[in-house]
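So the structure is just underneath, and the comments pick up after that.
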């Protein structure tokens, strides 16, 4: 996976307009068969890239406060917005039905990552209500999805403020005792 990530980033940094599986494999010094075995499609590869990047961002930010962790993740995405814009743009390649399917799959993976992170955060001391966790993760993901589709026009602080109510629910659950 790492070779493909390096290849993808170098293609994006070089300003490559049309990134194909063949170009990615050539840049990564891997064969097309290896790519097809691991990922099958470009959409699946991009979904795994987004999942990998988000997991790394969440793990790199260790803080007591989930709101702070979330804000740091937003900031990191915003700082690399050209990279993420190019990566997400790759989900728009291929047949229409497949594009929609890949976008939905990527969205659900990201939502699942946030749900797991929120669960871990609350579990240590608070009362875990799955309805609240799902609601917060869904709210975060839908807002991030809108942010991506509008090419990261808004500042992370604006998005953070809009999601404040959902993040407050998480903080409240963390403080509640059994």
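Please treat every number below as a calculation from the coordinates, not as lab data. What you are looking at is a predicted structure, and each value in this text was computed from that prediction instead of being measured. Ideal geometry is used to build each Cβ from the backbone, glycine not excepted, and the neighbour counts take in all protein chains shown.
Taking the stretch 17-33 as the range and being surrounded by 15 or more Cβ atoms within 10 Å (Cβ to Cβ) and within 22 Å of the chain's Cα centre (by Cα) as the test, the residues that pass are 19, 21, 24. Among the residues of the stretch 1-41, the one identified as in a loop (DSSP other than H, G, I, E, B), in contact (Cβ under 8 Å) with a residue 24 or more places away in the chain and closer than 17 Å to residue 86 by Cβ is 19.
The rows are residues; the columns are (1) surrounded by 14 or more Cβ atoms within 10 Å (Cβ to Cβ); (2) under 19 Å from residue 106 (Cα atoms); (3) over 18 Å from the mean Cα position of the chain (by Cα).
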site	(1), (2), (3)
4	yes, yes, no
14	no, no, yes
35	yes, yes, yes
48	yes, yes, no
67	yes, no, no
71	yes, no, no
79	no, no, no
